[in-house]
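Chemist: Here it is, the structure, as structure tokens.
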Amino acid sequence: MMDHLVETVETNSAPSSLVEERLDEIRRVMGKADDDPLRIVGVGAGAWGSVFIAMLQENYGKFRGKVSVRIWRRGGRAIDKSTAEHLFEVINSKEELLRRLIRRCAYLKYVEARLGDRVLYADEILKDGFCLNMIETPLCPLKVVTNLQEAVWDADIVINGLPSTETFQVFNEISKYWKERVNAPVIISLAKGVEAEFEPHPRIVTPTQMIYRATGIPLENILYLGGPNIASEVYNKEYANARICGSEKWRKPLGKFLRQSHFIVWDNSDLITHEVMGGLKNVYAIGAGMVATLTKESATSKSVYFAHCTSEMIFITHLLAKEPEKLAGPLLADTYVTLLKGRNAWYGQKLAKGELSLEMGDSIKGKGMIQGVSAVKAFFELLNQSSLSLQHPEEGKSVTPAELCPILKMLYRILITREFSCEAILEALRDETMNDPRELIEIAHSHLFFQPWLLGQKP
């Protein structure tokens, strides 16, 4: 299905009357009484999750009787002294921010933290608009809740800003607080990670599927929103677009509600496939970061890598999508921005420079969860299942799809089994036996690859 722009594009910020009309419309769709505010809650306070809630707060927060916007994050996360010092530098470099904190009587604690006289906590600074994963881009002040039950029990719209590795666990806990609810909330997932499971048969599990399993919320009430966006740039009102995917009942009114003059929202019915593609690009972004560092930003080497990784992504989309051509634009756009400035490419660079190590894990200070690592594991192990085997076009033997994806295979051996160092990614690129990327695309086009059950769909 083609993407639909939910409303004509505006050239300037929407007037207050238009913003209030959108709020009134979504309240009507959700059946809210006049004296009952629309309750929007973000779950998880990473960069994108925090920015998303901050955008809603800035756009709709002034209508206090009609809407309540808040965000949940775990309490107790202490800020180390080096981060406190950096935070103090950021505050003093932005006059308007400095005045805001002084006006709110919040500045002194940052002075004390810089001097080492007190400890700041992540939930505490988030109230002042500082996301721990994005210190240099201050947000508007936010209402922060550290008690999960208090945050979600009466929420009308829940924004999932958790990484895929935490989604099931947290929503499983949330389900306990929703047992007495009469009306199910609407959930919008921003997560771009994926996991894999192998029983009763191999398949990818996405965050929206995890939420459904954990809560039993009707599938039509669970949506995915994603696009080629860098959180800090979107908050700073760089022009951006995204797709909200899911049931028509909710994606169209929510798309209209979420859009702003600089943030254009299209809607699409294909939820699971777009969600999976959002995870796939993170896989190859890590390798791109490695190649950039190891070749000293060689444009030629990076273009060689891009040719191979895009051919593998096209090959994989033919396995996962009935009409893969429709995903080409969104997937390449998301890949492009992630390679340019995303945290997964950054992670690959830092690994190749030796400034990070795999032993440090994939949750990195100042960046949050590097979701590409778990995605490498999920995609390789899924595509390496013998039940998916096909005939090798030249050797005439049976091989798994993973064997035809040398970049994916090498990333798995570097990041997951740790058989090789980062330098091995260049060896994979320079392997004289590696086929022309075009040939892999031709294989994808010449075989009936689509396996709907890999995404939990019926044939």
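Chemist: Give me the percent of the accessible area of the chain that comes from carbon and sulfur atoms, probe 1.4 Å, all protein chains in place. Mind dumping the intermediate values first?
Modeler: On the way: 10040 of 20300 Å².
Answer for the chain is 49 percent, counting heavy atoms of protein chains only.
Chemist: In addition: Where Lys and Arg each count +1 and Asp and Glu each count -1, what net charge lies around S175 among other residues with Cβ under 11 Å from its Cβ?
Modeler: Result for the local shell: +3.
Chemist: Calculate how steeply helix 406-415 sits against the longest principal axis of the alpha-carbon atoms of the chain, using the helix alpha-carbon long axis, and give the answer as 0 to 90 degrees to the nearest 10.
Modeler: Tilt relative to the chain: about 60 degrees.
Chemist: Given Cα pairs under 8 Å that are at least 6 residues apart, what percent is the relative contact order of the chain? Let's see the in-between values first.
Modeler: On the way: 790 pairs, mean separation 69.7, N = 459.
Worked out over the chain, it gives 15 percent.
Chemist: Any idea what the alpha-carbon Rg over 2.2 N^0.38 Å comes to for segment 40-184?
Modeler: Numbers: Rg = 16.1 Å, N = 145, 2.2 N^0.38 = 14.6 Å.
That works out to 1.10 for segment 40-184.
Chemist: log10 I(q)/I(0), Debye, Cα-only segment 164-236, no solvent, q = 0.18, 0.21, 0.22 Å⁻¹?
Modeler: Scattering profile of segment 164-236, log10 relative to I(0): -0.79, -0.96, -1.02.
Chemist: List the trypsin sites (Lys or Arg not before Pro) in segment 151-181 that DSSP assigns to loop (not H, G, I, E or B) and whose Cβ has at most 15 other Cβ atoms within 10 Å. Which are they? Provide the component values of the computation, followed by the final result.
Modeler: On the way: sites: K176, K179, R181; in loops: K179, R181.
Of the trypsin sites (Lys or Arg not before Pro), the ones in loops of segment 151-181 whose Cβ has at most 15 other Cβ atoms within 10 Å are K179, R181.
Chemist: Just add up the charged neighbours of N236: K/R +1, D/E -1, any other residue whose Cβ is under 15 Å from the Cβ of N236.
Modeler: Once positives and negatives cancel, what remains is -2.
Chemist: ³J(HN,Hα) across segment 152-169 via Karplus (A = 6.51, B = -1.76, C = 1.60, θ = phi - 60°), whole Hz, x for Gly/Pro?
Modeler: So the Karplus estimates, Gly and Pro as x, are 10, 4, 10, 5, 8, 10, 10, 9, 7, x, 7, x, 4, 5, 10, 4, 4, 4 Hz.
Chemist: Can you bin segment 93-250 into rounded, prolate or oblate? Criterion: square roots of the alpha carbon gyration tensor eigenvalues sorted a ≥ b ≥ c, rounded for a/c under 1.5, prolate for a/b above b/c, oblate for the rest. Don't skip to the end; give the middle numbers.
Modeler: Working: a/c = 2.15, a/b = 1.80, b/c = 1.19.
Here segment 93-250 falls in the prolate category.
Chemist: Within segment 65-195, how many Lys pairs that are eight or more residues apart, or on different chains, come under 29 Å at the alpha-carbon?
Modeler: For segment 65-195, qualifying lysine pairs total 21.
Chemist: Also, quick follow-up: For helix 371-383, what angle does its Cα long axis make with the longest principal axis of the chain, in degrees from 0 to 90 and rounded to 10?
Modeler: Result, in degrees: 40.
Chemist: Additional query: Go through segment 83-191 and name the chymotrypsin sites (Phe, Trp or Tyr not before Pro) that are in a DSSP coil and have 13 or fewer other Cβ atoms within 10 Å of their Cβ.
Modeler: Values: sites: F88, Y107, Y110, Y121, F130, W153, F168, F171, Y177, W178; in loops: F130, W153, W178.
Here no chymotrypsin sites (Phe, Trp or Tyr not before Pro) fit, given the DSSP loop and packing criteria.
Chemist: Rounded to the nearest 5, what % of DSSP beta bridges with both residues in segment 184-327 are antiparallel? Walk me through the numbers before you get to the answer.
Modeler: Numbers: 7 of 16 bridges.
Once the DSSP bridges in segment 184-327 are tallied, antiparallel ones form about 45 percent.
Chemist: For helix 299-320, report the angle its Cα long axis makes with the longest principal axis of the Cα atoms of the chain; keep it between 0 and 90° and round to the nearest 10°.
Modeler: 90 degrees
Chemist: Where Rh is the Kirkwood radius over the Cα pairs of segment 383-431, the temperature 25 °C and the viscosity 0.890 mPa s, what D in µm²/s does Stokes-Einstein return?
Modeler: On the way: Rh = 11.6 Å.
It diffuses with D of about 211 µm²/s by this estimate.
Chemist: Using just the helices of the chain, give the 222 nm mean residue ellipticity in deg cm²/dmol: DSSP H runs with n ≥ 4 each add -39,500 (n - 2.57), and the total is spread over all residues, rounded to 500.
Modeler: -14500 deg cm²/dmol
Chemist: Follow-up question, since we're still on this one. Where both residues lie in the chain, what percent of DSSP beta bridges are antiparallel, nearest 5?
Modeler: Working: 14 of 39 bridges.
Bridges in the chain are about 35 percent antiparallel.
Chemist: Would you please classify the overall shape of segment 174-284 from the alpha carbon gyration tensor, given that a ≥ b ≥ c denote the square roots of the eigenvalues, rounded means a/c under 1.5, and beyond that prolate means a/b larger than b/c while oblate covers the rest? Mind showing how you got there, number by number?
Modeler: Values: a/c = 2.03, a/b = 1.24, b/c = 1.64.
Verdict is oblate for segment 174-284.
Chemist: If you place +1 on the Cβ of every Lys and Arg, -1 on the Cβ of every Asp and Glu, and leave all else neutral, what size is the dipole of segment 193-291 about its Cα centre, to the nearest 20 Debye?
Modeler: Magnitude of the dipole: close to 340 debye.
Chemist: With a/c under 1.5 counting as rounded, go ahead and sort segment 237-288 into rounded, prolate or oblate using the C-alpha gyration tensor (a ≥ b ≥ c being the square roots of the eigenvalues; past the cut-off, prolate if a/b is larger than b/c, else oblate). Walk me through the numbers on the way to the answer.
Modeler: Values: a/c = 4.68, a/b = 1.39, b/c = 3.37.
In terms of gyration-tensor shape, oblate.
Chemist: Let me spell out the model: positive unit charges on the Cβ of Lys and Arg, negative unit charges on the Cβ of Asp and Glu, origin at the Cα centre of the chain. What dipole size does that give, in debye rounded to 20? Write out the running numbers ahead of the final one.
Modeler: Numbers: 55 positive and 58 negative charges, 268 e Å.
So the dipole magnitude of the chain works out to roughly 1280 debye.
Chemist: Hey, another quick one. For the chain, report the convex hull volume of the alpha-carbon atoms normalised per residue, in Å³, without decimals. Kindly include the intermediate steps, with their values, before the conclusion.
Modeler: Numbers: hull volume 72.0 nm³, N = 459.
Taking only Cα atoms, the chain has a hull volume of 157 Å³ per residue.
Chemist: Ok, one more. Taking only protein heavy atoms and a 1.4 Å probe, what accessible area per residue, in Å², does segment 380-420 have with all protein chains in place?
Modeler: For segment 380-420, the solvent-accessible area averages 46 Å² per residue.
Chemist: Skip the ligands, DNA and RNA, and give the accessible area per residue of segment 172-220 with a 1.4 Å probe, whole Å².
Modeler: With all protein chains present, segment 172-220 gives 47 Å² per residue.
Chemist: In debye, nearest 20: dipole of segment 74-223 around its Cα centre with unit charges on the Cβ of K, R (+) and D, E (-)?
Modeler: Numbers: 19 positive and 21 negative charges, 68 e Å.
Rounded to the nearest 20 debye, it is 320 debye.
Chemist: Let me ask another. Whole-Hz Karplus ³J(HN,Hα) for segment 85-94, in order, using 6.51 cos²θ - 1.76 cosθ + 1.60 and θ = phi - 60°, x for Gly and Pro?
Modeler: For segment 85-94, the Karplus curve yields 5, 5, 4, 5, 5, 4, 4, 6, 8, 10 Hz.
The values are calculated or read from the model by the stated rules, or taken from the named source; none is laboratory data. None of the values given here were measured: they were computed from a predicted structure. Virtual Cβ from ideal backbone geometry, glycine too; neighbours counted across all protein chains shown. Note: areas computed on protein heavy atoms with side chains; ligands, DNA, RNA excluded. Shrake-Rupley method; radii C 1.70, N 1.55, O 1.52, S 1.80 Å.
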